[in-house]
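Shown next, in structure tokens, is the structure this report addresses.
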Amino acid sequence: MNNSVHRKRNKALGVPELVAIALGGMVGGGIFTILGISVSIIGAYTPLAIILGGMVASMAAYSYIKLGVYYKDEGATYSFYKKTFPGSPFAASLIGWWVVFGYISTLALYAYTFSSYAI
């Protein structure tokens, strides 16, 4: 007989938890993948590229925050596009597939970098 107790967790992720997840992904991805590749390509200009990338990421984050507040939704690109342009389901599905392709590309970059470290 299994005497384990399953507890329900009612707490949703708050702002500090979501910021920690986002920063962990960006910093982890930046340190372990982008840093080595960018140093090999642009050398001494790497800090400038990282600062520029951080500024672009900040503007994107600000846009997502505004869209989330406007639509009262925690969705992402697909969800916001679908709500903004409800009459174009094909375009919304295309956006969804581009997001999937972006995630697959990011995972491929991570795999490439970690395999080059292992070799």
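The values are calculated or read from the model by the stated rules, or taken from the named source; none is laboratory data. This one's a predicted model, so the numbers in the text were calculated from it and none came from an experiment. Because the Cβ atoms are built from the backbone with ideal geometry, glycine has one as well, and the counts that use them run over all protein chains shown.
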Any residue in segment 82-99 that's more than 17 Å from L67 (Cβ to Cβ): show its pairings with residues that are of a type in the set (D, E, K, R) and surrounded by 12 or more Cβ atoms within 10 Å (Cβ to Cβ) at Cβ separation under 8 Å, as long as the two are six or more apart or on different chains.
P89/K82
Selection count where residues are over 22 Å from S115 (Cβ atoms) and surrounded by 13 or more Cβ atoms within 10 Å (Cβ to Cβ), scope segment 23-60
4
Taking the options L67, L109, name whichever one is in contact (Cβ under 8 Å) with a residue 60 or more places away in the chain and either surrounded by 10 or more Cβ atoms within 10 Å (Cβ to Cβ) or under 30 Å from I37 (Cα atoms) (or both).
L109
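What helices (runs of 4 or more DSSP H) lie completely within segment 27-108 and have 1 or more residues being among the aromatic types (F, W, Y), closer than 27 Å to V15 by Cα and at pLDDT 85 or above?
Values: elements: 35-42, 46-71, 77-84.
It comes to 46-71, 77-84.
Answer yes or no: is there a residue in segment 52-65 that is out of contact with any Pro (no Cβ under 8 Å at 6 or more places or on another chain) and over 22 Å from A20 (Cβ atoms). I'd like the intermediate steps shown before the answer.
If we filter segment 52-65 for residues that are out of contact with any Pro (no Cβ under 8 Å at 6 or more places or on another chain), which is where we start, we get 52-65.
When the remaining residues are screened for being over 22 Å from A20 (Cβ atoms), the result is 52.
Yes.
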Of the numbered conditions (1) within 16 Å of G25 (Cα to Cα); (2) out of contact with any Phe, Trp or Tyr (no Cβ under 7 Å at 6 or more places or on another chain), T113 fails exactly one; give the number of that condition.
(2)
